Amino acid sequence: MTEQEQQEMKKILDEKIEQTKEEIKQLEELTKPIKPDNAYGRLSRMDAINNKTINDAALREQKSRIQKLERAQKKLDDGKYGICIKCGDEIPLGRLKFMPWTAHCVKCAQKS
Ligand SMILES: [Zn+2]
């Protein structure tokens, strides 16, 4: 990875982390405990529970993503970013731009 590519990825990672933090904030708002009062009708309360399940899953995913992004950021600082942790091949820049949190090349990601 060239110096210029590293700079570019640094910017992309920063942006992704900001974006993910924002999404986590919104999801945390959405996944607050559902009040057991009569604020909901019966049906909309069921909707609320369904939505909460979906949002809980999304929140978990975003939280694990931000950890991966922060790890990627650290690797970039160490000059180890963009190397597949499984086979040691370079991960194509196009893939990194699309999924900057990835630590696997396409081949290894498909296997796991
Ligand atoms: Zn690999």
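Structure values in brief
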quantity: Any pair with Cβ under 9 angstrom, 6 or more apart, that starts in the range 87-99 at a residue that is near the ligand (Cβ under 9 Å from one of its atoms) and ends at one that is part of a helix (DSSP H, G or I); calculated: 87/107; 87/108; 89/107; 89/108; 91/106
quantity: Residue match in the range 3-25 (condition: surrounded by 11 or more Cβ atoms within 10 Å (Cβ to Cβ), in contact with a Leu (Cβ under 6 Å, 6 or more places away or on another chain), polar (S, T, N, Q) and at pLDDT 90 or above); calculated: no
quantity: Only listed residue being modelled with pLDDT under 95 and within 16 Å of the ligand (Cβ to nearest atom), chosen from 80, 75; calculated: 80
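Quick grid of which residues meet (1) surrounded by 14 or more Cβ atoms within 10 Å (Cβ to Cβ); (2) closer than 16 Å to residue 10 by Cβ:
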{"position": "30", "(1), (2)": "yes, no"}
{"position": "33", "(1), (2)": "no, no"}
{"position": "62", "(1), (2)": "yes, no"}
{"position": "78", "(1), (2)": "no, yes"}
{"position": "98", "(1), (2)": "no, no"}
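The values are calculated or read from the model by the stated rules, or taken from the named source; none is laboratory data. Small disclaimer: the values here were computed from a predicted structure and weren't measured. Neighbour counts are summed over all protein chains in view; Cβ atoms, including those assigned to glycine, are modelled from backbone coordinates with ideal geometry.
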